[in-house]
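Please treat every number below as a calculation from the coordinates, not as lab data. No experiment lies behind these values; they were computed from the predicted model shown. With ideal geometry, Cβ positions are generated from the backbone for all residues, glycine too; neighbour counts draw on all protein chains shown.
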Amino acid sequence: MAYQTINRIFQKNETDLSSAEAHGLATGMLCIENKVEVNSWVAELLEDDITLLDEDKTILITLFEQTRQLLNGEDDSFRFDLFLPGDDEPLTKQLEAVRAWCEGFLFGIGRARSDSTWPGDVGEIIKDIVEFTKLDTEIDDDMDQEDIDELEGALIEIQEYLRAAVMMIRDQFMEESNTQAH
């Protein structure tokens, strides 16, 4: 599913959302409550007066359900990834997307769980993700290639951290819900 396709849906409906932020929101909601309905997510994305074209709604639902499926990774493969622009996009856009993804994720977990007590290491991870929302996305014109390479490497590390953090948070909440069920 193309990142730009989802962005165009939001642009067409005159929302300020990005694909990254929408995916972060979905991921956050699904980490807390795997059975959350796709319509709850769509309602968070769009104003009440916006009616999506059927084709656009299908694309959004597919993104949400694919995210749910990857988070559930029954075969224990680590296939979940952040929905971000490709490496061929300018570094500034990639940084902005990571920041937006983190903002969406934090909103998603906050929306799905009003309780401020977090199981295990979740509280510390959330603090880290809050720090990522403060990423400086400006690239100086006078930056040399070595600095740009270093920044690209840091971006990859942040993305890997976020992937692992999402799975840890999901596991903590699955464990918590299993404990409460017994």
* Among the numbered criteria (1) more than 22 Å from ILE125 (Cβ to Cβ); (2) without any contact (Cβ under 8 Å) to a residue 60 or more places away in the chain; (3) not small (Gly, Ala, Ser), which single criterion is violated by ILE6? -> (2)
* Say whether the condition of being more than 21 Å from ASP136 (Cβ to Cβ) and not basic (Lys, Arg) is met by at least one residue in the range 84-96. => yes
* Unique match (being surrounded by fewer than 17 Cβ atoms within 10 Å (Cβ to Cβ), free of Cβ contacts under 8 Å to residues at least 60 places away in the same chain, of a type outside the set (Asp, Glu) and touching a helix residue (DSSP H, G or I) at 6+ places or on another chain (Cβ under 9 Å)) among LEU46, LEU60, LEU53 -> LEU53
* Structure fact -> Within the range 1-23, the residues that are within 13 Å of VAL42 (Cα to Cα) and of a type in the set (Gly, Ala, Ser) are SER19, ALA22
* Just for the range 18-34: of the residues that are among the small types (Gly, Ala, Ser) and part of a helix (DSSP H, G or I), which one is farthest from GLY108 (Cα to Cα)? -> SER19
* **Filtered residues of the range 35-59 (kept if touching a Leu at 6+ places or on another chain (Cβ under 7 Å) and either part of a helix (DSSP H, G or I) or within 15 Å of VAL166 (Cα to Cα) (or both))** => TRP41, VAL42, GLU44, LEU45
* Return a yes/no flag: does the range 5-12 have any residue that is among the charged types (D, E, K, R), more than 23 Å from ILE169 (Cβ to Cβ) and more than 15 Å from the chain's Cα centre (by Cα). => yes
* **Residue list for the range 116-152, restricted to those being exposed (fewer than 10 other Cβ atoms within 10 Å of the Cβ) and either of a type in the set (Ser, Thr, Tyr) or in contact with a helix residue (DSSP H, G or I) (Cβ under 6 Å, 6 or more places away or on another chain) (or both)** => SER116, THR117
* Which residue pairs have Cβ atoms under 6 Å apart, sit 6 or more places apart or on different chains, and have a first residue in the range 115-131 that is under 11 Å from GLN172 (Cα atoms) and a second that is assigned to a helix (DSSP H, G or I)? -> PRO119/GLN172; PRO119/GLU176; GLY120/GLN172; VAL122/ILE169; VAL122/GLN172
* Could you tell me whether THR15 is over 21 Å from PRO90 (Cα atoms), assigned to a helix (DSSP H, G or I), hydroxyl-bearing (Ser, Thr, Tyr) and in contact (Cβ under 8 Å) with a residue 12 or more places away in the chain? => no
